[in-house]
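Inspection log for the structure reproduced underneath, given as structure tokens.
The values are calculated or read from the model by the stated rules, or taken from the named source; none is laboratory data. Note that the coordinates shown come from a computational prediction; the quantities given were computed from them, not determined experimentally. Please note: Cβ atoms are built from the backbone with ideal geometry, for glycine as well, and neighbour counts cover all protein chains shown.
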Amino acid sequence: MRSHGGPKKGASPENALQRLFNGCTDCDICRFLMDESCLLFPEIYRRYDEALERRRAPDADALRDLTERCTLCGLCPCPDVRANMIRAKADRVQDEGLEPGARALSDLQTFGRLGRTVPKLVNLLFSTPLARRFLAKVFDVHPERSLPPLAAEDFFRWAARRGLDRKPTPREGTRRVAYFTGCTAAYLFPEVARAVATVLGQAGVALYVPPQQCCGMPTVVEGDMARSLRRIRANVAVLTGLADEGFDIVCSCPTCGYFLKVILKENACLSTGCMEAGAHAGPSPSSYGASSLADDAFAALDPKERIVLSQRVFDVGEYLARLHAEGRFRPVFRPLSGRWVYYAPCHQREQGIGTPYLGMLQNIPGLNLEPVGSSTDCCGMGGSLGYKKAFHEASLQLGASLMEKIRKAAPEAIVTDCLSCRLQFRFVLGLPVYHPVEVLCAFGSRA
């Protein structure tokens, strides 16, 4: 068995990629496990077989190409794969710079904030044929894709008008919850965030919408580590402070939750130990030694703070299930007739929380709601990557299996937690798509 490599000796992406390549080809499990749901592993094993045949290791260009094939979907089983890929993406951007299109498409926060004063004008400008040609040329947006419009009023403004940007006073018997909204729900689909606020209010919690930055996942996927670290550091400071004050932290976006609960923690564990499974329990950071398989991609951030934060973040569905078990959330549903499917997205599945919404929604009278998709199915969108010319066809290829399963189910609508999946389902299938909490809000009321 070959060595997996030692500590990274420089900022060249080949260092991390060689460790990834060596580790994965020594193991070989993902040759079969990830052969249909991933672009990365089939290429790794193709390059490996080619190297054996030619008796020559893959060159630097072949290794660097691997960074373009990973969306950080989380479906691969090994934390060191993700950590090495994050490091390689960041090192490549440090070497080569980041293309303007990738920088713009991965930064919905800046776009949303710039457009919040005149969203109608921004939407009008970007919907014209001239603007679409401009986007296609300058930002490499695929001509068949249309960027989603900004909401007329983003969620943060809506929340501020209702005083949700002010910390609630502690009251005995009342849970205080900080809502980490995520950029897509804040600027593109605020109806989802408003539904979260409504449903949590019905459950009797005191809601707070704290100052927040993008979670960091979109910019990490593109390798923009400098921008990512600034935002992650700000979020960790705010959220750990709230946790210390007794707030529970919830996310309605599976990607935000996955990043805060899993990615940040498992990287901290690679550097300090705590290699146990699960996001909400485990030994102290000093219980085990550091891993030799990968470096902590976020070493600039305090690992203990990241581990503590991961233990205080909950998916909204997970949190509502807890409240239901405690008797605090017992919705009474109005009838809803229809044949719908529920898809649990990659980043929700990889949090290890099951499907908390599914059981709740299946209690709606008249609704035939069936799960769709396997444990390795992915919609293929990859966040903003699906809009890129270079990734558009790959995006459709990755999601083809899931799309065919949905077509065979012939639903009238789709329910999924992920708003990137919503964009992909609308583009490929043209069906109505709802977040589970929107359905809970529309057809349930507090008992």
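A few remarks follow.
- Qualifying residue in the stretch 85-95 (condition: touching an Asp or Glu at 6+ places or on another chain (Cβ under 7 Å), assigned to a helix (DSSP H, G or I) and of a type in the set (Val, Ile, Thr)): yes
Yes or no, residue by residue, for (1) among the β-branched types (Val, Ile, Thr); (2) under 27 Å from Ala390 (Cβ atoms); (3) touching a Lys or Arg at 6+ places or on another chain (Cβ under 8 Å); (4) not assigned by TED's automatic domain parsing to the domain that holds Ala299:
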{"position": "Ala160", "(1), (2), (3), (4)": "no, no, no, no"}
{"position": "Gly173", "(1), (2), (3), (4)": "no, no, no, no"}
{"position": "Cys183", "(1), (2), (3), (4)": "no, yes, no, no"}
{"position": "Ala193", "(1), (2), (3), (4)": "no, no, no, no"}
{"position": "Gly223", "(1), (2), (3), (4)": "no, yes, yes, no"}
{"position": "Arg227", "(1), (2), (3), (4)": "no, yes, no, no"}
{"position": "Arg231", "(1), (2), (3), (4)": "no, yes, no, no"}
{"position": "Asp244", "(1), (2), (3), (4)": "no, no, no, no"}
{"position": "Asp248", "(1), (2), (3), (4)": "no, no, yes, no"}
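- For the stretch 242-264, residues that are assigned to a helix (DSSP H, G or I) and more than 16 Å from Cys73 (Cα to Cα) total 3.
- Criterion violated by Gly163 - all others in (1) within 22 Å of Leu423 (Cβ to Cβ); (2) surrounded by fewer than 12 Cβ atoms within 10 Å (Cβ to Cβ) satisfied: (1)
- Candidates Ser292, Ser284: the one that is over 22 Å from the mean Cα position of the chain (by Cα), modelled with pLDDT under 90, among the small types (Gly, Ala, Ser) and more than 21 Å from Ala237 (Cα to Cα) is Ser292.
- Test for Asn123: is it surrounded by 13 or more Cβ atoms within 10 Å (Cβ to Cβ), polar (S, T, N, Q) and more than 30 Å from Ser271 (Cβ to Cβ): yes
- Filtered by the rule that a residue be of a type in the set (Ser, Thr, Tyr) and touching a helix residue (DSSP H, G or I) at 6+ places or on another chain (Cβ under 9 Å), the stretch 305-345 gives Ser310, Tyr319, Tyr342, Tyr343.
- If you go through the stretch 198-232 and keep only what is under 20 Å from the mean Cα position of the chain (by Cα), surrounded by fewer than 17 Cβ atoms within 10 Å (Cβ to Cβ) and part of a helix (DSSP H, G or I), you end up with Ala226, Arg230.
- Check on Ser106, touching a helix residue (DSSP H, G or I) at 6+ places or on another chain (Cβ under 8 Å) and hydroxyl-bearing (Ser, Thr, Tyr): yes
- Residues of the stretch 35-71 classified as more than 18 Å from Gly383 (Cα to Cα), part of a helix (DSSP H, G or I) and basic (Lys, Arg), total: 4
- Hey, Thr255 crowded, with 22+ Cβ neighbours inside 10 Å and in contact with a His (Cβ under 6 Å, 6 or more places away or on another chain) or not: yes
- Of the helices (runs of 4 or more DSSP H) lying entirely inside the stretch 290-365, those containing at least 1 residues that are under 30 Å from Met403 (Cβ atoms) span 316-325, 346-349, 356-361.
Here is a yes/no grid of residues against (1) under 30 Å from Pro254 (Cα atoms); (2) assigned by TED's automatic domain parsing to the domain that holds Thr219; (3) at pLDDT below 95; (4) of a type outside the set (S, T, N, Q):
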residue	(1), (2), (3), (4)
Phe21	yes, no, yes, yes
Asp28	yes, no, yes, yes
Met34	yes, no, yes, yes
Arg54	no, no, yes, yes
Asp59	no, no, yes, yes
Ala62	no, no, yes, yes
Arg69	yes, no, yes, yes
Lys89	yes, no, no, yes
Gln94	yes, no, yes, no
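- Selection of the stretch 144-160 for residues being surrounded by fewer than 20 Cβ atoms within 10 Å (Cβ to Cβ) and outside any loop (DSSP other than H, G, I, E, B) yields Arg157, Trp158, Ala160.
- Output for the stretch 384-398, where each listed residue is in contact with a Gly (Cβ under 8 Å, 6 or more places away or on another chain) and of a type in the set (Lys, Arg): Lys388
- Being of a type in the set (D, E, K, R), within 22 Å of the chain's Cα centre (by Cα) and modelled with pLDDT under 95 is true of Asp302.
- When Leu440, Leu385, Leu423 are checked against the criterion of being part of a helix (DSSP H, G or I), among the hydrophobic types (A, V, I, L, M, F, W, C) and at pLDDT below 95, Leu385 stands alone in meeting it.
- Neighbours by Cβ (under 6 Å, 6+ apart or cross-chain): first from the stretch 191-217, over 27 Å from Arg233 (Cα atoms); second among the aliphatic types (A, V, I, L, M) and outside any strand (DSSP E or B): Ala195/Val437; Val199/Val437; Val199/Leu440; Ala203/Leu323
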